[in-house]
Amino acid sequence: MTIMGEASMFRNRLVLTGAAVVAVLAMSACDTEPAAESAATSAPAAPTSAAPTTAAATTAPAVDGVTAKACADIKKDIEDNADKVAEAEKIGPPAGHIAVSAQWTAGSAAVIAHAIGANPTVSAAADKVQQEMMALGDAYNKSAKAKPSKKKLEAAIKELNIACSAA
């Protein structure tokens, strides 16, 4: 026996998740081109300042630049998502948990989209943040009265901050 609202809830989540996936695909397709161009333009400038280590000098700044941009974008995504989740939580039960769940899902998609091209350490940390955001979205989707703990997400964000500061 299904309640009429369950079908609507499922449809809304499907549409929002689909939109998030399309956004991730669109962003990943657009984001890789400028990184390749910036690497190509920065390569000739590096050998003039550091002649003995031209191979390391030409690859390291491009990777660090992409990783730094990814870190900045991911941190902005996390802050924006926190604001949007707070707005969605104001809706309250019985339907507010759907909006909160959808926002956690959309936020996780944005985080993983901006992690593309970052160094492996930052990518792994961003993946943990994304997984915790999805877990929170799933927890909110299960119940209108759900109040899942955000401690794992906070720990993953701290790990991301450490990875970004090391990059």
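Some points to look at:
- Whether the range 71-118 is rounded, prolate or oblate, judged on the alpha carbon gyration tensor where a/c under 1.5 counts as rounded: oblate
- Estimated distance in nm for a label pair at ALA135 and ASP64, the labels positioned 7 Å out from Cα along Cα-to-Cβ: 3.4
- Probe 1.4 Å, all protein chains present, accessible-area order of ILE157, ILE116, ILE162, largest first: ILE162, ILE116, ILE157
- For the range 87-167: Kirkwood Rh in Å [reciprocal of mean 1/r, alpha carbons]: 13.1
- Shown here for the range 75-142: GluC sites (Glu not before Pro) in loop regions (DSSP other than H, G, I, E, B) with at most 12 other Cβ atoms within 10 Å, of which there are none.
- Pairs from the list LYS128/LYS151; LYS84/LYS142; LYS90/LYS147; LYS76/LYS142; LYS90/LYS158; LYS84/LYS158 with a Cα-Cα gap above 23 Å: LYS76/LYS142; LYS90/LYS158.
- Residue-span extension gain [ALA144 to ARG13] - 0.36 nm each, minus C-alpha spacing: 45.7 nm
The values are calculated or read from the model by the stated rules, or taken from the named source; none is laboratory data. What you see is a predicted model; the values in this text were computed from it and never measured. As a convention, Cβ positions derive from the backbone with ideal geometry for all residues, glycine included, and neighbour counts pool all protein chains shown. Accessible surface areas use protein heavy atoms only, side chains included; no ligands, DNA or RNA. Shrake-Rupley method; radii C 1.70, N 1.55, O 1.52, S 1.80 Å.
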